[in-house]
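The values are calculated or read from the model by the stated rules, or taken from the named source; none is laboratory data. Worth saying up front: this structure is predicted, and the values here are computed from it rather than measured. Counting neighbours? That spans all protein chains shown, and the Cβs are built from the backbone with ideal geometry, glycine included. SASA here: full protein model, heavy atoms, side chains in, ligands and nucleic acids out. Shrake-Rupley method; radii C 1.70, N 1.55, O 1.52, S 1.80 Å.
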Amino acid sequence: MVSVLIPTYNYDVTNLVKVIHSQASNSGILYEVLVYDDGSKSKLNEQNKTINSLEHCTFKELDKNIGRSAIRNQLGADAKYDYLLFLDADVKIFTDDFLSKYLDAIQPETQIIYGGICYQKETPNKEAFLRWIYGNKREALSVQKRMENPHLSFLTLNFVIKKSVFSTMRFDETIPNFRNEDLLFAIAAREKNIRIQHIDNTVEHLGIESSQKFLEKTHETVQSFDYITSKGLMNPNDAALTRVGFKLDTWKLSYLYKAFYRISKSVLKRNLLSKHPSLFLFDLYRLGYFLEIKSKP
C-alpha cells in the first residue's frame, strides 16, 4: 500500500529507517522502504548498507550525482505501491503513530498530504541561531496557518502523494541542482488543481547548520529564485522576495535599494551571525542580494 522513499547524500539514515520499518511492520500493511544515496561515495554508506538486512527495505548507491529533483523522480518511478511517502534523510520521527496518522488520513480522493515540520525546542548553540529561528518562525507552521495558503506552505521533506498523481507532475529536472524544487512542485500542483491536504503529523528537522552555512545556502536559494523567475517557471508574486524585488524594478527604485544594500551589507550580516539575528534584517539582506544578481528582463 505504501512506498516510503528517502533520498540521501552523505548521511546516516539507519535510525530513521528503523523507526519507519518498525511502524510499518506493526501496522500490518503492504509496504517497502527505498533509500537511494545520490552518488556521495560516502563512508557512511557502509552503515547505510545494513538497511538491506531489514525486511522490505532497500538501500541503493547511485553511481553518480543526479540531483535532488531527479533522485526523487527515480524513487517515485521505482516504487511499487499506490501511495508514496517522501521523507528527507535528516528528519526524526518522534511519535509512535506517525505512519498510522498518514494511513488514517488517506482517502480515495487523496492526492497530496503534507504532515509538517518542527524544530528542537532547546536553544541550539549560538552559531546556529539564525537557522533555528528561521525554521521555527517561517517553516514550523500550524495546520491552520498552512491552510491559509495550502500550496505555498508545502515542503517536500514529509509528504504523501498518490502514485498516479505523482506520475502526472514529477519534480522539474530542468532546473539547476539548487533550491526551490519544492516550491516549483507545489506550484505545479496548484496549476493542475491538485489538492494539498494538511495534517498535524510533523517530523523534526535535524542537523541545524550554522548561521554562516545557512547564509551560504540562502545565496543559493536566491540564485534559484532569479533563475526560475527569469525562465518563467514561477510568477514573481508567488514569493514575497521576488514580488517585492520586481515591484522595486517596476517603480525604478531598485538602484536605491542596491545602494542601501552595498552600504549596509556588512552590518546586516553581522546581525545575522550574532546571538540575536533578526528575520526582518534577514529579509532585507536577501532582497538586496536578489536585486544585485537579478537577471535583466
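What is the Å³ per residue value for the convex hull set by the Cα atoms of region 125-249?
Values: hull volume 16.5 nm³, N = 125.
Roughly 132 Å³ of hull volume per residue.
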Which value, in Å², gives the accessible area per residue of region 206-297 when a 1.4 Å probe is used on the protein heavy atoms?
54
Taking only Cα atoms, what is the 0 to 90° angle, nearest 10, from helix 279-293's long axis to the longest principal axis of the chain?
80
When the accessible area of the chain is computed with all protein chains present and a 1.4 Å probe, what percentage of it is carbon and sulfur?
51
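In whole percent, what relative contact order does region 62-153 give with Cα contacts below 8 Å and a gap of six or more residues? Spell out each step's value before the answer.
Details: 23 pairs, mean separation 16.7, N = 92.
The value is 18 percent.
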Percent antiparallel among DSSP beta bridges confined to the chain, nearest 5, equals 30
Describe numerically, in nm with one decimal, the distance between label points set 7 Å from Cα along Cα→Cβ at residue 281 and at residue 65.
3.2
Average Cα contact separation per residue, the chain, under 8 Å, 6 or more apart, as relative contact order %:
19
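Report the net charge of residues surrounding residue 112, where surrounding means a beta-carbon distance below 14 angstrom and charges are Lys +1, Arg +1, Asp -1, Glu -1.
On the way: positive: 72, 146, 162, 163, 170, 190, 192, 195; negative: 82, 109, 182, 191.
Around residue 112, the surrounding residues sum to +4.
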Where a label projected 7 Å from the Cα of residue 216 along Cα→Cβ would reach, residues of region 9-40 with amide N under 20 Å:
9-12, 38-40
Between helix 240-250 and the chain: long-axis angle, C-alpha atoms, 0 to 90°, nearest 10
30
Cα extents of region 43-85 along the principal axes, largest first, in whole Å, come to 28, 26, 14
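Stretch residue 121-residue 174 to full length: gain in nm at 0.36 nm per residue minus the Cα-Cα span? Don't skip to the answer; put the middle values down first.
Values: separation 53, 0.36 × 53 = 19.08 nm, distance 3.75 nm.
Full extension from residue 121 to residue 174 adds 15.3 nm.
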As I understand it, the value is the acute angle between the Cα axis of helix 68-78 and the longest principal axis of the Cα atoms of the chain; what does it come to in degrees, rounded to 10?
20
Send over the semi-axes of region 164-229's equivalent ellipsoid, whole angstrom and largest first, taken as the square roots of 5 times the C-alpha gyration tensor eigenvalues.
25, 19, 10
Per its Cα gyration tensor (rounded if a/c is under 1.5, else prolate when a/b beats b/c, else oblate), region 1-139 is best filed as oblate
With the 1.4 Å probe rolled over protein heavy atoms, region 2-46 has an accessible area per residue in Å² of 42
Label of the coordinate-derived value, Cα extents along the principal axes in Å, listed as [x] 62, 42, 40; [y] 55, 40, 39; [z] 50, 47, 32:
[x]
